[in-house]
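Written out below as structure tokens is the structure these notes cover.
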Amino acid sequence: MIHNYLGQTMSFELVYKKRESLGIIIDVYGNVQVQAPRGTTDERVLQLIEEKWDWIQQKSKEMKDRLLGQKVKIYDHGEIFLYLGKEYPIMITQDINTIQDYVVFEEDMLKIYVKQLEDAKIKQALKRFYYQECKKLVERSIRSYQKHFNTKPRSIRISDNNRNWGTCDSRKQLTFNWKLAMAPQQVIDYVVVHEMCHMFHLNHDRSFWRLVGKILPDYEERENWLALSSWKMTV
């Protein structure tokens, strides 16, 4: 089916199934499928499409972009980087008096101040910014969720380990990937809670997931954001 709304056009497949409610599925290619109970009117289907219009467009675009893969970053004005789950352009300023290159988030953009206009220097400044922000965001999240645990982490570290978003060892030392600063706060909270739960259950057994679910009932949705969007978290 094809539907026009707000000056835009969307095509989707309508499938009738033995189910109780309407559902929307977006596959890995960005194609949209609406699954509806038998007997559902077209008017109700289109109403759902319009209610979820922005979400469908966004998710479909994300899946199509993912197929194209990561693009090479350009360290120049206007290039887009993620911060707390949203995309922001960078603005670069050269200041020969700068002692250490740095980044500030201001006015819906990431402002980068460097002594030398070199890609490596700009990239290094961005990475340092994410390291610092990740440390603050993780520590804030730990303070927020500490009430659910009767023990505290022994130490908190930010690392460059791309294999894991977070780890917890037998000594209750927590380590987090600096790229988490690019994720939404609720996703950072999930990774933090996940690792804090490992202070009690070092493996992923049923007791572990029961504890995670008790603290964050929607943890699967948060985990899903990482699965779908982590490919964009790059510098």
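With a ≥ b ≥ c taken as the square roots of the eigenvalues of the C-alpha gyration tensor of segment 19-83, please select rounded if a/c is under 1.5 and otherwise prolate if a/b is larger than b/c or oblate if it is not?
Cα axes put segment 19-83 in the prolate bin.
So what's the back-of-envelope 222 nm ellipticity for the chain, counting only DSSP H runs of four-plus at -39500 (n - 2.57) apiece and dividing by all residues, rounded to 500? Rounded to the nearest 500, it is -12000 deg cm²/dmol. As a size descriptor, the averaged projected area of the C-alpha convex hull of the chain was calculated at 16.5 nm².
How large is log10 I(q)/I(0) at q = 0.14, 0.16, 0.24 Å⁻¹ when the Debye formula is applied to the Cα atoms of segment 152-202, each weighted equally and without solvent? Cα-only, vacuum Debye calculation for segment 152-202: -0.30, -0.40, -0.87.
Given C-alpha coordinates of segment 68-112, what is the ratio Rg to Rh with the Kirkwood estimate of Rh?
Rg divided by Rh gives 1.02.
Between THR151 and GLN94, full extension at 0.36 nm per residue minus the direct alpha carbon distance yields a gain of 15.9 nm. Per-atom-type breakdown for segment 62-141 gives carbon and sulfur 50% of the accessible area (1.4 Å probe, protein chains only). Look at the dipole of segment 39-151 built from charges on Cβ: of TRP53, VAL138, GLY39, the Cα furthest out on the positive end belongs to VAL138. Evaluated over the Cα positions of segment 176-221, the convex hull gives a direction-averaged projected area, one quarter of its surface, of 3.2 nm². On the beta carbon distance between THR9 and VAL104, with R0 = 45 Å, the FRET formula returns roughly 0.65.
Considering only ASN224, ASN164, ASN150, the Gaussian network model of the chain with Cα springs below 10 Å gives its largest mean-square fluctuation to ASN150. Largest GNM mean-square fluctuation across GLU51, GLU79, GLU118, computed for the chain with C-alpha springs under 10 Å, falls on GLU51. Here the translational diffusion coefficient of segment 124-224 follows from Stokes-Einstein with Rh set to the Kirkwood radius across Cα pairs; for 20 °C and 1.002 mPa s it amounts to 157 µm²/s. Within segment 46-159, all pairs of alpha-carbon atoms sorted by distance into 10 Å bins from zero give the percentages 11, 30, 26, 22, 9, 1.
Can you check what the Kirkwood hydrodynamic radius comes to for segment 1-109, Cα pairs only, in Å to one decimal?
Working: mean 1/r = 0.0576 Å⁻¹.
Every distinct Cα pair counted, the radius reaches 17.4 Å.
The chymotrypsin sites (Phe, Trp or Tyr not before Pro) of segment 1-34 that meet both conditions, a loop assignment by DSSP and at most 11 other Cβ atoms within 10 Å of the site Cβ, are TYR29. For GLY85, nonlocal amide neighbours, meaning residues 5 or more places apart or on other chains whose placed amide H falls under 5 Å from its own, are ALA183.
Could you tell me the distance between the Cα centroids of segment 174-199 and segment 87-124, to the nearest Å? Using only Cα atoms, the two centres lie 26 Å from each other. Mind scanning LYS73/LYS115; LYS17/LYS214; LYS71/LYS111; LYS115/LYS179; LYS86/LYS111 and naming the pairs with a C-alpha gap bigger than 27 Å? Long pairs (Cα-Cα over 27 Å): LYS17/LYS214.
In the complete set of protein chains, residue-level accessible area for ARG128 is approximately 60 Å², probe 1.4 angstrom. Inter-label distance, ASN31 to LYS136: 4.6 nm, where each label sits 7 Å from its Cα along the C-beta direction.
The values are calculated or read from the model by the stated rules, or taken from the named source; none is laboratory data. Owing to the predicted nature of the structure, the values given are computational and were not obtained by experimental measurement. Because the Cβ atoms are built from the backbone with ideal geometry, glycine has one as well, and the counts that use them run over all protein chains shown. Only protein heavy atoms, including side chains, enter the accessible area calculation; ligands, DNA and RNA are left aside. Shrake-Rupley method; radii C 1.70, N 1.55, O 1.52, S 1.80 Å.
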